[in-house]
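What follows is a short report on a single structure.
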2 protein chains.
Amino acid sequence: MPDFLNYDDADFETRFLALLTAKREDSPDVDDAVAAIIAQVRAQGDAALIALTEKYDRLTLTPDTLRISTAEVDAACAQVSNDDRAALELAAARIRAYHARQLPEDAQWEDEAGATLGWRWTPVSAAGLYVPGGLASYPSSVLMNAVPAKVAGVGRLAMVVPSPDGVLNPLVLMAARIAGVDEIYRIGGAQAIAALAYGTETIAPVDKITGPGNAYVAAAKRRVFGKVGIDMIAGPSEILVIADADNDPDWIALDLLSQAEHDESAQSILITTDAAFGRAVADAVDARLQTLERRKIAGASWRDFGAIITVPDLDAAVALSDRIAPEHLELCVNDAEALAARITHAGAIFVGGWTPEAIGDYIGGPNHVLPTARSARFSSGLSVMDFVKRTTIARMTPQALAAVGPSAVRLATSESLEAHGLSVQARLDRLNQS
Amino acid sequence: MPDFLNYDDADFETRFLALLTAKREDSPDVDDAVAAIIAQVRAQGDAALIALTEKYDRLTLTPDTLRISTAEVDAACAQVSNDDRAALELAAARIRAYHARQLPEDAQWEDEAGATLGWRWTPVSAAGLYVPGGLASYPSSVLMNAVPAKVAGVGRLAMVVPSPDGVLNPLVLMAARIAGVDEIYRIGGAQAIAALAYGTETIAPVDKITGPGNAYVAAAKRRVFGKVGIDMIAGPSEILVIADADNDPDWIALDLLSQAEHDESAQSILITTDAAFGRAVADAVDARLQTLERRKIAGASWRDFGAIITVPDLDAAVALSDRIAPEHLELCVNDAEALAARITHAGAIFVGGWTPEAIGDYIGGPNHVLPTARSARFSSGLSVMDFVKRTTIARMTPQALAAVGPSAVRLATSESLEAHGLSVQARLDRLNQS
């Protein structure tokens, strides 16, 4: 049974706070093990990758087979059905079109003092993409990470994907080919992150690493951060649906279950203005849980972290939603667009009952890598911006320096940074002489 | 003596690599101490802040005096000279004008499938700004952090600044007032970061924390990351000057010293096409080091980490500069603008001999919080973007869902995520019925 909460109940605030602060993830402390793996890869390079892949993936590699060859990718792609290929290509095209609009613009202008100011954006030179192996090896994640990198102009995109017992996922390789991934290595875990960050004989180091992974991968990403850039460390998935009574309870139930089936730690919450509708959705969830393939996972998530909250009006729904700051927010109400405009904190909004969240996971166009665990209060989903960086530019003329330089000298003096002041003053002195 | 390197020497690559990888910072491991301090603040709130401020800053506070009152800020501002105030106001106005151009734009469009797609930017609701106490208490840093936050539209900006023995820096408070800081607390160290992240009885928690600090502050920021957003963890400052012989060696020497005087771990490098000019700059540095107030710090930095590299041409200079990925890059050559356009990795570029880097520290307009330690390869300086976040938006019509939905179902099936597929299929079924 999920939690049933009523906004007007005396214990609502207490129970809502408990919901907000529920610890859904208990990551094992693998930091020492990860530190040792990173040190091993830095010291031994390819030999470490080969030893660790033998140990963890039961796969014997050589320096020559670390990389998945073009012929292997060809062979894998040949196994993909035309329909699957077409679906991946449509998704990639839509993701590419959406992200192309995110490319930031350079700027340059002359201000009233005569200074030329501006900035210039350049892509990261080389990026690494981590793709999990096994069950959570999702071709959609390959597209969501690789397409923005290539739209940004990343010159070299290296992908790592473990292949336990040598098994590769043809759809993952097909997605990598469609997205324009340049190199693919059959390694995973902390050792793959270390190889991307520090390089080995076979794998050149990258500047930025993105992509999801298990606790070892997350810990490794935290450790190499600074040496390279990383994307966010994502937590379990979440969905909040705000729905009025004018919806099919089964649709909403499926939307809630589409997060719950990801992970026993996932969280699905419904906020509704109609208590009876809330109960109908709960019944529909139970009915679907009878037959759903992943009913064990989805059922545990719904039982442990699911919630149905009845509110008196949409004002209350907006206020609660912003406190939750959900990763995914579905608005299934009349005039959903007006409601969307009132939301401040959310990773992605799905507007209206014809926009199930799963559309966003695959084919809507926006990225499905989104801030979890209330971090939408201060961060954004993955985008082209994660693969570019800004260089600011300033050019003073003698006249501009004459206008603003004396204030710089004064501020430098007030901060007791004499050389700062002198570097400006020496130039001002020259101007005064002439 | 700084390192003298010549691009054409046989040992150049070895020596350049040593320069690139020189470990300039040896941060003490304060992580356990910081964990204890954070736990204390979370458990005891204001009482912990009062106890820790007594211990570290020799200052007795009460819950009522944690916050610096408006009257105190008034009194401090009254001590600031008119010239200092005018310099701060000019700097704030120029920083504001530059950063106002960084405000990102919302977007919304309808694509060929009939889906409405887009995104919306919203400011972080509350931000915290850490300002160091003592010698490194810089009013310019207050402006560089607070102005972008306010330009972004941050509603509540809370500043923390330790006041050892009760001593406040009037210019810091003046800068906070000019920048529009909303609340100021006289606390510092890891305890101040914990208070901003978790809140106490007196201090409401914030969503994002920025600003420089010592090893304790940096460790605390790393620890609260995830609960709140943080800016980069900045390393020691760096400057790279590329200069031809057509410069005054004394100007270039002062520019190099203006980074060296920050910190014994700072690094100043000159790349020049003229070996004799390089020697002249080295002589000028030595001459200035005779009298510079901070000659001990600047001399140690220059001796331990300074370098003068002679290159055969500017092509080589560009290649080396991109390998260094400098925080600050000064281009003192003919047609410096053309050279700037060839640079890929740099935090900030100062174009031409009339643009000493110190202008950028105070009054140019661009931010002086910039990526250090080669992280300009993958990250950018502080900007308005650090105080906003993006919510993506998607709205499908029934027609749009009919067009792209089947591909989503196919991809969901290929990933064995049945509920994902069903949430789309249930809607497609309705369309097929009607």
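All of the numbers you see were taken from the coordinates with simple rules; none came from a lab. In this text the structure is predicted, and so the values were computed from the model without any measurement. So basically every Cβ, Gly included, is an ideal-geometry build from the backbone, and we count neighbours across all protein chains shown.
Quick notes on this one:
- Calculated over the stretch A:31-230, the projected area of the Cα convex hull averaged across directions stands at 13.0 nm².
- For the protein assembly as shown, share of DSSP beta bridges that run antiparallel, in % to the nearest 5: 25
- Given charges at beta-carbon only (K, R positive; D, E negative), |dipole| of the protein assembly as shown in Debye: 320
- Amide H within-cut-off set for residue B:207, under 5 Å, with H built and near neighbours excluded: B:126, B:127, B:128
- Given charges at Cβ of Lys, Arg, Asp, Glu: chain A dipole, positive-most of A:160, A:366, A:340: A:160
- Bridge type composition, chain A - antiparallel percent by DSSP, nearest 5: 25
- Normalised contact order of chain A, rounded percent, pairs of Cα under 8 Å and 6 or more residues apart: 20
- Remark: spin-label model distance residue A:54-residue B:323 equals 3.5 nm, labels positioned 7 Å along the Cα→Cβ axis.
- Potential lengthening between residue B:275 and residue B:245 on full extension [0.36 nm per residue; Cα-Cα distance subtracted]: 9.9 nm
- Helical content of chain A, expressed as a calculated mean residue ellipticity at 222 nm, amounts to -14500 deg cm²/dmol (DSSP H runs of 4 or more residues, -39,500 (n - 2.57) each, divided by residue number, nearest 500).
- Enclosing the Cα atoms of the protein assembly as shown in their convex hull gives a volume equal to 163 cubic angstrom per residue.
- Working from Cα pairs under 8 Å separated by at least six residues, relative contact order for the stretch A:193-331 is 24 percent.
- Charged side chains reduced to their Cβ positions (Lys and Arg at +1, Asp and Glu at -1) give chain A a dipole of some 1820 debye around its Cα centre.
- Neighbouring Cβ atoms from other chains, within 10 Å of the Cβ of residues in B:400-407, number 5 on average.
- Across the alpha-carbon set of the stretch A:235-378, the Rg to Rh ratio works out to 0.93, Rh being the Kirkwood radius.
- Taking the inverse of the mean 1/r over every pair of distinct Cα atoms in the stretch B:1-77 gives a Kirkwood hydrodynamic radius of 17.5 Å.
- Most mobile listed residue (B:331, B:173, B:422) in chain B, GNM with C-alpha springs under 10 Å: B:422
- Mean-square fluctuations from a GNM of chain A, with a 10 angstrom spring cutoff on Cα atoms, peak among A:207, A:386, A:315 at A:315.
- Cα lying deepest toward the dipole's positive end in the stretch B:180-225, options B:180, B:203, B:213, charges on Cβ: B:213
- Its Kirkwood hydrodynamic radius, worked out from the mean inverse distance over all distinct Cα pairs, puts the stretch A:42-98 at 14.2 Å.
- Taking the centroid of alpha carbons for each part, the stretch A:287-309 and the stretch B:41-80 are 50 Å apart.
- For the stretch A:118-133, putting each phi into the Karplus relation 6.51 cos²θ - 1.76 cosθ + 1.60 with θ = phi - 60° gives couplings of x, 7, 9, 9, 9, x, 4, 5, 9, 10, x, 10, 8, 10, x, x Hz, in residue order, rounded to whole numbers and with x for Gly and Pro.
- Per residue, the convex hull spanned by the Cα atoms of the stretch A:296-423 measures out at 247 cubic angstrom.
- Kirkwood Rh, angstrom, chain A [1 / mean 1/r, Cα pairs]: 24.4
- Where GluC sites (Glu not before Pro) in DSSP loops with at most 16 other Cβ within 10 Å are excluded, longest remaining stretch of chain B: B:294-434
- FRET efficiency for residue A:429 and residue B:89, using Cβ-Cβ distance with R0 set to 25 Å, rounded to 0.05: 0.50
- Taken about its Cα centre, the stretch B:26-162 carries a charge dipole of roughly 360 debye when the Cβ of each Lys and Arg holds +1 and the Cβ of each Asp and Glu holds -1.
- DSSP beta bridges confined to the stretch A:31-230 are antiparallel in about 25 percent of cases.
- Normalised by the number of residues in the stretch B:144-220, the average gap of Cα pairs under 8 Å and 6 or more apart makes the relative contact order 30 percent.
- Links that overshoot a 23 Å alpha carbon limit, given the list A:208/B:150; A:221/B:150; A:55/A:150; B:150/B:221; A:208/B:23; B:23/B:389: A:208/B:150; A:221/B:150; A:55/A:150; B:23/B:389
- Averaged over the residues of peptide A:41-53, the number of Cβ atoms from other protein chains lying within 10 Å of each residue's Cβ is 0.
- With only Cα atoms counted, the stretch A:109-165 has Rg and Dmax values of 18.7, 66 Å.
- Within a Gaussian network of chain B (alpha carbon springs, distance under 10 Å), most fluctuating of B:100, B:260, B:78: B:78
- Estimated distance in nm for a label pair at residue B:20 and residue B:399, the labels positioned 7 Å out from Cα along Cα-to-Cβ: 5.6
- Cβ-Cβ FRET estimate between residue A:27 and residue B:36, R0 fixed at 22 Å, reported to 0.05: 0.55
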